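First the structure, in the form of structure tokens, and then the observations on it.
Each reported figure results from applying straightforward, stated rules to the coordinates on display, with no laboratory input. In this text, all values refer to a predicted model and were calculated from it rather than measured experimentally. Using ideal geometry, Cβ is built from the backbone for each residue, glycine included, and neighbour counts are taken over all protein chains shown.
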Amino acid sequence: MTAEQRPQTVADLLLRRGGDSRPGLRTFERTWSWDEVVRASAARAALAQRLRRPGPFHIGVLLNNVPEFAFWLGAAALAGATIVGINSTKRGEYLEQEVAHTDCQLIITDAAGLELLRGLDVGVAPDRYLLIDTPQYAELVAGESDAPAVAPEVGPATRMLLLFTSGTTGASKAAICSQSRLVGLGYMNRNRFGLVADDVCYCCMPMFHGNALMALWAPALVAGACIALTPRFSASRFLPEVRAYGATYFTYVGKAVGYLLATPARPDDGDNPLVHAFGTEASPADREEFLRRFGCPLTEGFGSSEAGGFVLPGPDTPPNALGRPTGPNVVVVDPETRQVCPPAVLDEHGRVTNAEESVGAIVDLNGEAKFEGYYKNPEANAEKIRHGWYWTGDLGYVDGAGFMYFAGREGDWIRVDGENISALHVERVLQRHPAVVAASVFAVPDPRSGDQVMAAVEVSPATTFDDLRLTEFLAAQDDLGSKDLPRYVRFSYGLPTTGSGKIRKKDVKVEGWRCADPVYWWAGRTGPAYTPMTDDDKRLMREEFQTNGRLRFLPM
């Protein structure tokens, strides 16, 4: 099918599934055919149209991965509404601000979600909440027509989703995704993995995030593949559920992969139906180990909820590389001069030897046309689109063979004793440790000048800091320079994360060594020889900052 023949809206994609008796949605309680999914969506679309009021046709959904979430996605497509995925991990004023910002007319939730929203001023009257676990809701849905029909105002540019960005390094923003863009992502990801109607797509990432919607729900809809739901990700349930569903495909984030690898290895780990998976931020070491244990390759992507993908991985892509840019419009530039950076020169360990000139901002020179903006946030829009280019907010470099590498978020390079240290490189080294579930590396201010390297590591509850034997582990890493060594290590059994499972790097960095978790450090210049950082150590450190006139660098 050519691009011209493809459906241009999600609504049209959904209508193509009408009459399809193959499994479209599955839980452990029930299986719905695609035809039944379309009819359930149509019934909710009719309900939404009846309850519609003047203003933005926005419908908030605060649910786990349950069938009603999928039905309301279809309902929004047919009715011309916009789904606002509400992050169930947010609380209090943060949750209030996000929901209120998006001008929802209705909120679809359940008793648990209602409790999260209780007492918050989100701009939605109580009688505009539809609780899916009540008899009244069942009567409402049953009373609506289930004949599939598309509202006349639905077109390619109709806003389909408002997706809150992860907010790992800043405030979350509601990214706009139209029906046509979601269709394009569905075809791209269907083609990338060769998904067909016989595939079973295991949805373990939250459906309020782009990972599940753009990389799993949309391509499954395009292919006519079955979507198998689990309420939320669980490392212990992952493999039993994959086997029970016969799942062939899933999406992930790096921390979820870390949790899976932290489960005890079994001789039959490879006895599963998985064929392919797609996600972000899994380290090369974790990808290699996942393939060894479970027999399924993990394909890393690089893109954003705002503007889609920027690179294409291939079989010849080096382990640490993202792939090749999707076209000559995706480049790495010096943020000051806006000139394309020269190729990176890599040493025998894959480290960049000319970082000062080769590491720059990843931009899409044609990205202005693709970027659909943030809802009611002109300042953020202006930050993303400058000089007619789309600025990803990420750093990268390109080697002499044309492969692009991710170098971290803006601000992820740490200046130590006049040298640039890659936080991402140190993170990847730490993630090689078999006991480390997740790691985040960032700069903390030095009491005299510049920065020092700090790492936050998450381990399973049975692990102690001494079990890590961190000094020995770091000494054995040939590609770790002396300036790369973390001076401070936060030791945690549960680092703060976003709703999509990514570490909240901004929060972890702000806390630094003043966090509630135990911190280990080496005080001399010849480390590392890690010892616990006591309250007295922290007090004396703060006094040293004050003595040197650098207290302003401690935000807490």
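One table, with the values for the structure above:
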{"item": "Degrees, to the nearest 10: 34-51 long Cα axis against longest axis of the chain", "result": "80"}
{"item": "Per-peptide average of other Cβ atoms within 10 Å, ordering 210-218, 276-284, 146-154 highest first", "result": "210-218, 276-284, 146-154"}
{"item": "Sum of side-chain charges, ARG292 neighbourhood, beta-carbon under 12 Å (Lys, Arg +1; Asp, Glu -1)", "result": "-2"}
{"item": "Rounded Å value of the spacing that divides the Cα centres of the stretch 111-130 and the stretch 80-105", "result": "11"}
{"item": "Inter-part distance where the stretch 1-46 and the stretch 189-210 are each reduced to a Cα centre, Å", "result": "14"}
{"item": "Cα gyration tensor category, rounded, prolate or oblate, for the stretch 142-259 with a/c compared to 1.5", "result": "oblate"}
{"item": "Label-point separation, THR89 to SER236 (7 Å along Cα→Cβ), nm", "result": "2.0"}
{"item": "Between 0 and 90°, nearest 10: helix 535-547 axis offset from the chain longest Cα axis", "result": "80"}
{"item": "The stretch 214-269-the stretch 477-541 distance, computed between alpha-carbon centres (Å)", "result": "31"}
{"item": "Ordering of 124-135, 320-331 by packing [mean C-beta count within 10 Å, highest first]", "result": "320-331, 124-135"}
{"item": "THR497 long-range amide H proximity, modeled H, under 5 Å", "result": "ARG504"}
{"item": "Amide hydrogen neighbours beyond the local backbone of GLY323, cut-off 5 Å, H modeled", "result": "MET404"}
{"item": "Approximate shape of the stretch 456-542 as ellipsoid semi-axes (Cα gyration tensor, √5λ), whole Å, largest first", "result": "21, 18, 13"}
{"item": "For VAL441, VAL200, order by how many other beta-carbon atoms lie within 10 Å, fewest first", "result": "VAL200, VAL441"}
{"item": "Dimensions in Å of the stretch 1-143 - Rg and Dmax from alpha carbons", "result": "15.9, 51"}
{"item": "Cα gyration tensor shape of the stretch 231-316, rounded if a/c is under 1.5, else prolate or oblate by comparing a/b with b/c", "result": "prolate"}
{"item": "Qualifying chymotrypsin sites (Phe, Trp or Tyr not before Pro) for the stretch 464-506 [loop in DSSP, other Cβ within 10 Å: at most 13]", "result": "TYR493"}
{"item": "Total formal charge among the other residues, if their Cβ is under 11 angstrom from that of GLN105, Lys/Arg +1 and Asp/Glu -1", "result": "+2"}
{"item": "The chain - mean residue ellipticity at 222 nm from DSSP helices (-39,500 (n - 2.57) per run, n ≥ 4, rounded to 500)", "result": "-8500 deg cm²/dmol"}
{"item": "Beta bridges per DSSP with both ends in the chain, % antiparallel, nearest 5", "result": "60"}
{"item": "Rg over Rh [alpha-carbon atoms, Kirkwood Rh] for the stretch 312-409", "result": "1.01"}
{"item": "Per-peptide average of other Cβ atoms within 10 Å, ordering 21-33, 67-79 highest first", "result": "67-79, 21-33"}
{"item": "Per-residue ³J(HN,Hα) for the stretch 154-163, Karplus 6.51 cos²θ - 1.76 cosθ + 1.60, θ = phi - 60°, Hz, x for Gly and Pro", "result": "6, x, x, 7, 4, 5, 9, 9, 10, 10"}
{"item": "Per-pair calculated FRET efficiency, R0 = 30 Å: ASP467 and ARG415 via Cβ, rounded to 0.05", "result": "0.40"}
{"item": "Reach of LYS505 by Cα under 17 Å, taken over lysines that are not fewer than 8 positions away in the same chain", "result": "LYS90, LYS173, LYS255"}
{"item": "Given charges at beta-carbon only (K, R positive; D, E negative), |dipole| of the stretch 421-553 in Debye", "result": "500"}
{"item": "Amide H contacts under 5 Å for ARG409, placed H, 5+ residues apart", "result": "LEU395"}
{"item": "Binned Cα-Cα distance frequencies in the chain - 20 Å width, integer %", "result": "20, 53, 24, 2"}
{"item": "Degrees between helix 179-193 axis and first principal axis of the chain (Cα, 0 to 90, nearest 10)", "result": "70"}
{"item": "ARG448 paired with ALA435, simple spin-label distance in nm, labels 7 Å along Cα-to-beta-carbon", "result": "3.2"}
{"item": "Separation in nanometres of the label points that stand 7 Å from Cα toward Cβ, at ARG266 and VAL196", "result": "3.0"}
